[in-house]
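Q: Got a structure here, written out as C-alpha cells. Questions coming.
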Number of protein chains: 4
Amino acid sequence: MWAARTAKFRHCLAASSVSLRRCLRLGVTMAKSKFAYVRDFETDDTCLPHCWVVVRLDGRSFHRFAERHNFAKPNDKRALHLMTRCAQTVMEELEDIVLAYGQSDEYSFVFRRKSNWFKRRASKFMTLVASQFASSYVFYWPEYFEDQPLLYPPGFDGRVVVYPNNQTLKDYLSWRQVDCHINNLYNTVFWALVQQAGLTPVQAQERLKGTVAADKQEILFSEFNINYNNEPLMYKKGTVLIWQKVEEVTTKEVKLPAEIEGQKMKLSQVRARPLALHCDIIGDAFWKEHPEILEEDS
Amino acid sequence: MWAARTAKFRHCLAASSVSLRRCLRLGVTMAKSKFAYVRDFETDDTCLPHCWVVVRLDGRSFHRFAERHNFAKPNDKRALHLMTRCAQTVMEELEDIVLAYGQSDEYSFVFRRKSNWFKRRASKFMTLVASQFASSYVFYWPEYFEDQPLLYPPGFDGRVVVYPNNQTLKDYLSWRQVDCHINNLYNTVFWALVQQAGLTPVQAQERLKGTVAADKQEILFSEFNINYNNEPLMYKKGTVLIWQKVEEVTTKEVKLPAEIEGQKMKLSQVRARPLALHCDIIGDAFWKEHPEILEEDS
Amino acid sequence: MWAARTAKFRHCLAASSVSLRRCLRLGVTMAKSKFAYVRDFETDDTCLPHCWVVVRLDGRSFHRFAERHNFAKPNDKRALHLMTRCAQTVMEELEDIVLAYGQSDEYSFVFRRKSNWFKRRASKFMTLVASQFASSYVFYWPEYFEDQPLLYPPGFDGRVVVYPNNQTLKDYLSWRQVDCHINNLYNTVFWALVQQAGLTPVQAQERLKGTVAADKQEILFSEFNINYNNEPLMYKKGTVLIWQKVEEVTTKEVKLPAEIEGQKMKLSQVRARPLALHCDIIGDAFWKEHPEILEEDS
Amino acid sequence: MWAARTAKFRHCLAASSVSLRRCLRLGVTMAKSKFAYVRDFETDDTCLPHCWVVVRLDGRSFHRFAERHNFAKPNDKRALHLMTRCAQTVMEELEDIVLAYGQSDEYSFVFRRKSNWFKRRASKFMTLVASQFASSYVFYWPEYFEDQPLLYPPGFDGRVVVYPNNQTLKDYLSWRQVDCHINNLYNTVFWALVQQAGLTPVQAQERLKGTVAADKQEILFSEFNINYNNEPLMYKKGTVLIWQKVEEVTTKEVKLPAEIEGQKMKLSQVRARPLALHCDIIGDAFWKEHPEILEEDS
C-alpha cells in the first residue's frame, strides 16, 4: 500500500499540467506526512537537569594546522588570543554560559546548572558551540594574523560532559589546568632544547624521558637561564573567561542644540562582558572571589 | 584525605623555589591522576553499528542573517551555492560521507553504513560536521558575496539521526526533498505577491491560507505568468552531492629537456569529487542510477 | 567471504566423523569469534557517577491482580506487608541500597551515591531489582496469604532515574509520599461511599469530582465517623525501609561440656537489617534523625 | 520562595484540625505539583524504530544456586525445562515476542521489528521480561522439582540489545548457539572426567587446557565410549521457542439435553502457542522453514 501511494505521488510529480492540480491537492501533503515517521528515529539527548553542562572543543589536526600557519613554538600569542576571542564570541552569542576555560587548542564552556536553553539537548549545546567557535575563528583570524593568510578552514571536535555538583565541576577545570601546566612546562623545555641547544626533536624527547616537573624546571634554569616561574601566566595557567561588569564608553555624533553643535557625545554604559583572566582555578581563592559563578538560587 | 592532598598540591604551586623541586616531583602527576576521575563522567554515544548515520545542520537565526546580508527572496543563488561549497568541503575533509542533501539553510550528511570513523561517536560526527561547515562558510563567503561583506560569524545547529536500513534512509531524504518542494512553492508565491503584486507580508500570508499546492501553482501562472515547472531545479529539488570520478587537468611548469624548455605540462588525474545534482531523489530512478551509494559489501 | 566461511562451518556441523576433527579444530572457535561482533551492538548505559540512582518498580496490571486475589479495599494489609517483605529481600540480596520507599503496588530503591555495583549499569540495576522482587513475591506469598492461593505469577515494570543531589532525591521521595497521601485519602472515601453508603463506583466517582483533600476528610468524618488522622500510618505514609542495627538472638544446639550437656545456647549478634518505618519523609525531621543515609565521605 | 512554600506545606501536615481544611485546600495538590519536576530527570530510552529488540536474561549467581539445589551435572533436565516453561510464560503474558532462545541459565527474547509495545522503551522491555521470568521460576518450580524445595528466590539480570536487520539478529542467535555448543561440549567432557574418571575439578581443567572441540570429542569417545553426536539435542542445541498453531482439546462438563445428560463435551480450538524446538538456527534451513518469523510487511 505504501509502495502504491509513493508510486502515485511520483506519478504526480511527473504528471501533465491537466492532472497536476488534482494530484498535488492529494499528493504533496500526504507525501510529507507519510515520510514524517522518520522523525521518530531522532533520540532524546537531554542533559540531566540541575547539573553543570560542559562542552569541550579541541582543534582537529592542529599540529598540522600550526605547522602550515607558522605558529611560534612553544606558544603562539596570536593563536591563543584568537582562541580566546572566539570563546568570547561564543559566550556573547549563545545563552547561559557562565565560564569558559581555554589552553592550547582546546576550550571548555560551562553552562549554568539550571539552564533550559534548547531544553538542555546535548546535540544543540555542542554543535552550536562548535560551529560558532569555528566560524569566529575564520572571521577574526585577520585581526590576529595580519601577515599570515588563513590557508584553509579548520575543524573542531566537541563533546558534552555533565557534572552533578560544584566539586566535580571544579575538579574538571582543575584537571584541564593541571594538563595545561604539565604540557606547557614540557613544551617550554622541549623547544628550548631544540631551538636554543640545537637538539633534534627526537634527541629532545629522549633527553626529557623520565624527567619530572622539577627536573624540567632545573634544565630550563641551569641550561637556558629561564626561570619558569617568570613565564607568562597565559601560558602557564591558560585563560579563564568570566562575566564582568565593564563600563563601556562609546563616542557618537548626535544632533545637538545649536550652541554645542558639532560636538560629539560620549555615552557610557555598564555591560557584562566575558573578560579574560590567567589565574589559578585549582585552589579555593578564585571561587571565593567569584562566588556568583557557582551559586544559583533554587 | 582528598582535601588534604589537594591542599598540599596548592601549597606546591605557591611554594618558594627552595621546596618546589620536591613538591613538584610528587605533586603535579599526582594531581593530574587525582582529577582524572572526571573523565568517567563522559558518556558513550556510539551510533548503533551497521546503520546509516545522518548529521543534519540548520542555520541558526538565518531569517535575521538573510535580512542583514540582503539575501534575495525567495532564493538567493549566492547563498545556496555557498552552502553547497561548504558541504563539499565537509565531504572532502571528513571521512566516510557518501551523500549530502541540502536546501534552504540546511544540509544533511549521510555517513556510510559501516563507517567506523571516530568509533562512530555521535558527538564527533556532529561537531566535526558543524564546525567544518561553519568555518568554511566564513572562509568561502567572499567568493560568493563579492559586494556584500560578512557582518558577523554565523552559527549552525546539528543533530545525529540513525537509520537502520535503506528504506528508512531514503524516506528521510524524501522527507527533506518534499519539505524543499513545499517551502519553495510557498515562498515563490508569497514573494511574488509581495514583490510584484504589492501585498504586505500579512496580506500575502492571508491570501495563501488554506491553499494547496495546485492552488499556489495556479496563482503563479494566472497572476504572474510563472510556470512553476520552469523554475530552476536547484530551487525546486535542492542539491544532492555524491562522489563522482572527474578528470582534473592541472597545468604545471616543470623542468624539461632543452628542446621543449619553457613549455608547460598538462597533468591529468582522475579523482573522486563531491558533485552537485539537482534531481529527484524520491523515486527509484536516482538510486538505480547510483547503486553504489547504498550498496556495501558485508 | 563471510558467507563462504559460515557455509564452511555449517558443513562442519553436518560433516562425517572422518573430517569432523579437522573441521572443528578450525570451525567452532572461528565461528564464535566471527559472530562475536554482535556484542558491539550493546550500548553503555552507565549511570552518571556521584549521583543517586533510584529504581522504581510498579506492579503490572495490579488492578486485575487485586481483583483476582480478593484484595481488601482500599488497603490490603497482607499485600502491603508482602510488598515490604520483597523489598527487604531486595535490599538484603543486592548491594548498595540505602533506602527504599513503598506504597500501594510500587516500591522505589535508592542506591548509594558512589555505588559502583556492576559499574553503575542501569540495566543491571533495574533488572536485578525487578527480578529479585518478583521471585520474592511468589516465594513469600504463602506467608502472607494463607488461605488465598496465588493464581498466576505477577509482573513488575521498572525504571531507573538518576538524581544529582540530596535535594532532588528528597523531592523525589516527597513526590511519592504526597502521591501516597492523595491516593489513599481518595480511596478511603471512595470505598466508604461504595462499601458503607452503597453507592456504585460511578456514583462515588461523581460524588468526589472536584473535591479537595479537606472536603474528602469532611465527608469521611461527617458521613462515616472516620477521622482520617487516625487511619493507620502505613496507609497514609507508606513504608520506608532503612538499615538499622538490630540484636538478633538465635538458639542453637551445640556440643557442650558434660555438666551442661543437652542445654541450648543463645547466640546474640548485632546485624544491620532493613527495618520498616511509616513516617513522614517530606519534612526535615526524618533526615535529621538519620543523617547517615545521605551523608557519604568523598 | 520554594523553601517558603515547602515550609508552609510541612506546617500544614503538622497543623491542628482547625486550620487543616484551609491548608489542605491549598497544600496537597500544590505540593504534588511542586515535587512533580522530579519526573524531568527520567530519560527517554526508546529503542531505535524498525529494529529487532532482544532482551537477554542471565541467572544471577546460578553456579551457587545449582549447588544449593543439587542440579545434575553437566545438565539438569528439570532446570532446563523449568527455564523453558518460564520463557513460554513470558511469551504468553507479554506482547510482540516472536522468538526466544535459551541455553544453560540464560534466555534471549526477540521482539518483533515494528513492535510499539510500551512505546519501545528499553526499561519496560527488560524489567517486564525479567520480573515475569523470575516470578514464573518460583511459581512453576514445584512442577519440575518435586522432591527439591526451593531454598530462596533467585535473581536474573537482563539487558536490551538492538539489531538493525535480519543478518545481525541471526548472527546474534548463532553466537548464542555456538556458545551453547562450546560450553556443553566442555562441560560434558569435564564432568565425565570428574564423575567417571575420578579426576578432581582442577585436574579435569588441566587436562582440557588447550584442547579444541575435536580433541574433546575424541576423549569422550575413546575414554568414556560417549559419541557426542548422540547426546540429547536440547543439551547440544539449546531451546528455540516459536509460535506454532496447535489444536487444543479441552474436556468440559456442560449442561446438556436430558438424553445425553452426564456426558462430557470435548472442545477443540486452534491456538498459537510458543513451542520448543531443539534444532540448529545457525544455518539457513530453520529460517527457510519458518519465514514468517523474520518477515514483516512494511
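Q: Which far-off residues, 5 or more places away or on another chain, put their amide H under 5 Å from the one on D:Leu99, with H placed in the peptide plane?
A: Amide H to amide H, under 5 Å and 5 or more residues apart or across chains, D:Leu99 pairs with D:Val110.
Q: What residue among B:Asp171, B:Asp40, B:Asp147 has the largest mean-square fluctuation in a Gaussian network model of chain B, using Cα springs under 10 Å?
A: Highest fluctuation among the options: B:Asp40.
Q: Oh, and also: Mean 1/r over all different Cα pairs, inverted: what Kirkwood radius does chain D give, in Å?
A: Mean inverse Cα-Cα distance, inverted, gives 23.5 Å.
Q: While we're here: What shape does the protein assembly as shown have by the C-alpha gyration tensor, where a ≥ b ≥ c are the square roots of the eigenvalues, rounded means a/c under 1.5, and otherwise prolate means a/b greater than b/c and oblate the rest?
A: Here the protein assembly as shown falls in the rounded category.
Q: Sticking with the crude label model, points 7 Å out along Cα→Cβ, report the distance from C:Lys32 to D:Asn70 in nm, one decimal please.
A: 3.2 nm
Q: Across peptide C:165-175, how many C-beta atoms of other chains are within 10 Å of each residue C-beta, on average?
A: 5
Q: What residue in chain B has the Cβ closest to the axis turning B into C, and how close is it in whole Å?
A: B:Asp44, 2
Q: Something else now. Work the Kirkwood hydrodynamic radius out for the stretch D:54-134: mean of 1/r over every pair of different alpha-carbon atoms, inverted, in Å.
A: With all distinct Cα pairs of the stretch D:54-134 included, I get 13.4 Å.
Q: Post the alpha-carbon centroid distance, the stretch B:112-185 to the stretch C:154-175, in whole angstrom.
A: 38 Å
Q: Okay, next question. Can you list residues whose amide H is under 5 Å from A:Arg60's amide H, if they're 5+ apart or on another chain and H is modeled 1.01 Å from N?
A: Those qualifying (amide H under 5 Å, at least 5 residues apart or on another chain) are A:Gly155, A:Phe156, A:Asp157.
Q: Right, something else. Place the label 7 angstrom along Cα→C-beta at A:Val202 and in each other copy, then list the distances from the first to the rest in nm, shortest first.
A: Counterpart label points of A:Val202 in the remaining copies fall at 5.1, 7.7, 9.2 nm.
Q: Could I ask something else about it? What is the percent of Cα-Cα separations in the stretch C:140-284 that go past 17 Å?
A: Of the Cα pairs, 77 percent sit more than 17 Å apart.
Q: I want to check the label-to-label distance for C:Arg271 and A:Phe221. Put each point 7 Å from Cα in the C-beta direction and report it in nm to one decimal.
A: 6.3 nm
Q: Over chain C, with a Gaussian network built from C-alpha contacts below 10 Å, which listed residue (C:Lys236, C:Lys266, C:Lys119) shows the highest mean-square fluctuation?
A: Highest fluctuation among the options: C:Lys266.
Q: Based solely on C-alpha atoms, express the radius of gyration and the Dmax of the stretch A:125-170 in angstrom.
A: 15.2, 45
Q: Quick check on the exposure proxy: order D:Arg60, B:Arg39 from fewest to most C-beta atoms within 10 angstrom.
A: Going from sparsest to densest Cβ surroundings: B:Arg39, D:Arg60.
Q: Further, regarding this structure: With θ set to phi - 60°, apply the Karplus curve 6.51 cos²θ - 1.76 cosθ + 1.60 along the stretch C:58-68 and write out the HN-Hα couplings as whole Hz, x wherever there is a Gly or Pro.
A: Using θ = phi - 60°, the values come out as 10, x, 8, 6, 7, 4, 5, 4, 5, 4, 4 Hz.
Q: Follow-up question, since we're still on this one. For peptide D:204-215, compute the average count of partner chain beta-carbon atoms within 10 Å of each residue's beta-carbon.
A: Mean partner shielding for this stretch: 3.
Q: Ignoring everything except DSSP H segments at least 4 long, calculate the 222 nm mean residue ellipticity for chain B; use -39,500 (n - 2.57) per segment, divide by total residues, nearest 500.
A: That comes out to -15000 deg cm²/dmol.
Q: While we're looking at this one, here's another question. Fewest to most neighbouring Cβ within 10 Å: what's the order for C:Leu82, B:Leu57, A:Leu267, A:Leu48?
A: In increasing order of surrounding Cβ atoms, one gets A:Leu267, C:Leu82, A:Leu48, B:Leu57.
Q: Still on this structure, I have one more. With only Lys, Arg, Asp and Glu charged, each at its Cβ (+1 for the first two, -1 for the last two), find how big the charge dipole of the protein assembly as shown is about the Cα centre; round to the nearest 20 debye.
A: Using Cβ point charges on Lys, Arg, Asp and Glu, the protein assembly as shown gives about 20 debye.
Q: When Cβ neighbours within 10 Å are restricted to other protein chains, what is their mean count per residue of peptide C:117-128?
A: 5
Q: Report the relative contact order of chain D, percent, no decimals, based on alpha-carbon pairs under 8 angstrom and at least 6 residues apart.
A: Relative CO of chain D lands at 19 percent.
Q: How high is the FRET efficiency between B:Glu289 and A:Lys119 when r is their beta carbon distance and R₀ equals 35 Å, given to the nearest 0.05?
A: That gives a FRET efficiency of 0.30.
Q: Hey, with R₀ at 45 Å, roughly what FRET efficiency would A:Arg39 and B:Gln196 work out to, going by the Cβ-Cβ distance, to 0.05?
A: 0.80
Q: Sticking with this one: Where Rh is the Kirkwood radius over the Cα pairs of the stretch C:97-219, the temperature 20 °C and the viscosity 1.002 mPa s, what D in µm²/s does Stokes-Einstein return?
A: Diffusion coefficient, whole number: 121 µm²/s.
Q: For the cross-link pairs B:Lys119/C:Lys114; C:Lys73/C:Lys237; A:Lys32/B:Lys236; B:Lys34/C:Lys114, which exceed 21 Å when the distance is taken from alpha carbon to alpha carbon?
A: With Cα atoms farther than 21 Å apart: B:Lys119/C:Lys114.
Q: Another question, if that's okay. So how do D:Glu292, D:Glu42 line up by other beta-carbon neighbours within 10 Å, fewest first?
A: Ranking D:Glu292, D:Glu42 by Cβ neighbours within 10 Å, fewest first, gives D:Glu292, D:Glu42.
All of the numbers you see were taken from the coordinates with simple rules; none came from a lab. This is a predicted model, so every value here is computed, not measured. FYI the Cβ positions are ideal-geometry reconstructions off the backbone, even for glycines, and counts take in every protein chain you see.
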